[in-house]
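The values are calculated or read from the model by the stated rules, or taken from the named source; none is laboratory data. These numbers were taken from a predicted model, which means no experiment stands behind them. So basically every Cβ, Gly included, is an ideal-geometry build from the backbone, and we count neighbours across all protein chains shown. Heads up: the accessible areas ignore ligands, DNA and RNA and are worked out on the full protein's heavy atoms, side chains in. Shrake-Rupley method; radii C 1.70, N 1.55, O 1.52, S 1.80 Å.
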Amino acid sequence: IDGDIVTVPHVETDPAHRGRGFAAQLMSGILDSIRSDGRTIRPLCSYAASYMRDRPDTHDLVAG
């Protein structure tokens, strides 16, 4: 966390649990927390960036 910007360098789930939506649940929770705290996100992780790119309702949370 740098001021109001939360950097997400990596999102990962255990390989045994992949494909079950856990990473999406994690991202949803992260974004809910960021929104409620009035912060923005710098999604360095390709999964986090893709997750947000596919959800226009999260675009306002991307740090400029």
- Selection from the stretch 35-64 of residues in contact with an Asp or Glu (Cβ under 9 Å, 6 or more places away or on another chain) and either more than 12 Å from Val6 (Cα to Cα) or free of Cβ contacts under 8 Å to residues at least 40 places away in the same chain (or both) yields Arg35, Asp37, Gly38, Arg39, Thr40, Arg42, Cys45, Tyr47
- Could you tell me which residue of the stretch 24-52 is least open to solvent (accessible area, probe 1.4 Å), considering only residues that are outside any helix (DSSP H, G or I) and farther than 19 Å from Thr13 by Cβ? Thr40
- Query: Within the stretch 1-21, how many residues are open to solvent by less than 50 Å² (accessible area, probe 1.4 Å) and small (Gly, Ala, Ser)?
  - Reply: 1
